[in-house]
Amino acid sequence: MSAEPPVASPTPTRVPGKVVLACLAAALGGLLFGFDTSVVNSAVGALSEHFELAASMRGMVASLSLLGCAVGAWFAGSVAERVGRVRVMLLSALLFGGCAVLAAFTPSVALLLPVRFVAGIGIGAASVMASGYIAEVAPARARGRLGGLQQLFITVGIFVALAAGLAMSRAAGGAAHELWAGLPAWRWMFLGELVPAALYALAAFRLPESPRYLVAQGREDEAKRVLRRFTGVDDREVDETVEEIRTSIGEHATTSLRDLRGPALGLRPIVWIGLGVAALIQLSGINAVFVYSTSLWESVGFTEARALTMSLVTAAVNIAVTVVAIMLADRFGRRPMLAAGSVGMAVSLAVTAFAFGHATTSAAGELVFPQVWAMTALVAVNLMVVSFGLTWGPLGWVLLGEMFPNSIRATALAVATAVQWFVNYGVTRSFPVVSESWGLPATYGTFAAISAFAVFFVLRFLPETKGRTLEQMGDGARVG
């Protein structure tokens, strides 16, 4: 999704309202992932009971959509270069909404698994479109704030879906019990995914096409009309912006995997850095926290309703800190915030691991958790969410959308986002099995060690992209 921000003037002025609204609409794609994550969180216990799933199959149901996300992200960039960003957004919404209905009425796990995979394709494509589209239309001085909107909508989706799941579960007397029309609550939770799908489709339908895509397609008059409507600048500035986009695109209107080749183990250094960012976002274990938080709290003695409430509190904390992160992203820069966040996550996860080390197993095979250590674990997990939500959550998506040179941005963004989803799948898929075989202390201790490594990675390799235009993004390991 390589492109130039349409704001031609370098003078720090207020971001035009239409640019903000366009970024908000594109960022709504984050609702799909956030909502889906929490629907699985709320429904996985009852769903597993209904279909009598073992731990490994339970992990498959929870994580297969993430594998689909990797596929959707991988192909979204090349498809968008051919048919446009907006059409890919609309297709994403259609896939997600259709799969919500199929998942709600699925008669077997054999049908549910491919449905979850296809839903993930829609989510993955939407994630690439959000990062790419926002990077293309946001001015450099506000790209951190506007790029962080995607993560904000992910957190909002998590909270709303958890709140809806809690309400449905309580109304039915449990997620496995009948709610309305003869359907159990967990099936209605999947049907609820129609709401974010419809919102995203309506928002995308009203979006103008990206000026970068229009110029690449030779539709410069349309690009100029979009720029005038977006920015309100005069014809001279619009012409200069279009010329700048045309010059920057050059012979790279479309890119391929071949363009990512370089001297560092076969790839350009900046590509390896982007892949590292993508992997570290998920190797922190954040998705294991959100997908399995309800089951986790049930395992330490909370009732289903209380466990859902604890997950809802965590989701609310995540929204609050993401708002703060968006406000700070263009003030302090990416590198210092990510380094500080890594330290916070490492410490919080280490405390969580230590707390779970005080749990014992009863004769019935259930965890017995002293109250003081249960509360310690609850506080530590929420501090981990705070550290992630202030830093890696929003800024990870921002970096992936902005850090690559124009000549390779479309392909590099698609590959990095696909890697992010693939690692997410690996963590989510393996968590139930690994936590059973290793134990929760060792599992969370591993996440803590990875977060500690992230401090070194950020300070040693990560480029600082704050305030830089997309044209200024270089190929080195320490830009800026």
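The values are calculated or read from the model by the stated rules, or taken from the named source; none is laboratory data. Note that the structure is a prediction, hence the values are computed from the model and not measured. Don't worry about glycine lacking a Cβ; one is built from the backbone with ideal geometry, like all the others, and counts go over all protein chains shown. Quick note on the areas: whole protein, heavy atoms, side chains included, nothing else; ligands and nucleic acids left out. Shrake-Rupley method; radii C 1.70, N 1.55, O 1.52, S 1.80 Å.
Each row is one residue, and each column tells you yes or no for (1) modelled with pLDDT of 80 or more; (2) not polar (S, T, N, Q).
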residue: Val415; (1), (2): yes, yes
residue: Ser435; (1), (2): no, no
residue: Ala452; (1), (2): yes, yes
residue: Ala477; (1), (2): no, yes
residue: Gly480; (1), (2): no, yes
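Of all positions in the stretch 207-216, at least one carries a residue that is touching a residue at least 12 places away in the same chain (Cβ under 8 Å) and closer than 30 Å to Ala104 by Cβ. For Ser311, state whether it is touching a Ser or Thr at 6+ places or on another chain (Cβ under 8 Å), modelled with pLDDT under 80 and among the polar types (S, T, N, Q). So Ser311 passes the test. Of the residues screened, Ser78 is not one that is open to solvent by 10 Å² or more (accessible area, probe 1.4 Å), among the polar types (S, T, N, Q) and free of Cβ contacts under 8 Å to residues at least 40 places away in the same chain. State the number of residues belonging to the stretch 276-308 that are modelled with pLDDT of 75 or more and open to solvent by 40 Å² or more (accessible area, probe 1.4 Å). So the count comes out to 1.
Can you name every residue in the stretch 86-96 that is surrounded by fewer than 21 Cβ atoms within 10 Å (Cβ to Cβ) and either at pLDDT 95 or above or of a type in the set (A, V, I, L, M, F, W, C) (or both)?
Residues satisfying the conditions are Leu90, Leu94.
Filtering the stretch 430-451 to residues that are over 16 Å from Gly357 (Cα atoms) and surrounded by 22 or more Cβ atoms within 10 Å (Cβ to Cβ) leaves Phe431, Pro432, Ser451.
Of all residues in the stretch 15-49, those satisfying the criterion of being open to solvent by 10 Å² or more (accessible area, probe 1.4 Å) and farther than 19 Å from Val109 by Cα are Val15, Pro16, Gly17, Lys18, Val20, Leu21, Leu24, Ala25, Leu28, Leu31, Phe33, Phe35. Just to verify a result, which residue in the stretch 148-164, among those that are open to solvent by less than 10 Å² (accessible area, probe 1.4 Å) and among the small types (Gly, Ala, Ser), is nearest to Val317 (Cα to Cα)? Only one residue fits best here, namely Gly157.
The set of residues in the stretch 369-398 being over 18 Å from Val343 (Cβ atoms) and either part of a helix (DSSP H, G or I) or touching a residue at least 60 places away in the same chain (Cβ under 8 Å) (or both) consists of Phe369, Gln371, Val372, Trp373, Ala374, Met375, Thr376, Ala377, Leu378, Trp397, Val398.
Within the stretch 14-42, which residues are among the small types (Gly, Ala, Ser) and over 17 Å from Gln151 (Cα atoms)? Result: Gly17, Ser42. One residue stands out among those in the stretch 50-71 that are closer than 20 Å to Ala161 by Cβ and modelled with pLDDT of 80 or more: the one that is most open to solvent (accessible area, probe 1.4 Å), which is His50. Checking each residue in the stretch 142-194 for being polar (S, T, N, Q) and under 22 Å from Ala93 (Cα atoms) picks out Gln150, Gln151, Thr155. Scanning the stretch 309-333 for residues that are open to solvent by less than 10 Å² (accessible area, probe 1.4 Å) and in contact with a Lys or Arg (Cβ under 6 Å, 6 or more places away or on another chain) yields Ala329, Gly333. Within the stretch 115-140, residues that are open to solvent by less than 10 Å² (accessible area, probe 1.4 Å) reach partners that are of a type in the set (Asp, Glu) and part of a helix (DSSP H, G or I) with beta carbons closer than 6 Å, at six or more positions or on different chains, in the pairs Ala135/Glu402. Residues that are of a type in the set (A, V, I, L, M, F, W, C), open to solvent by less than 40 Å² (accessible area, probe 1.4 Å) and not in a helix (DSSP H, G or I) within the stretch 167-196 comprise Ala175, Leu179, Leu183, listed in sequence order.
Against the list (1) crowded, with 18+ Cβ neighbours inside 10 Å; (2) modelled with pLDDT of 90 or more, the condition Val347 fails is (1).
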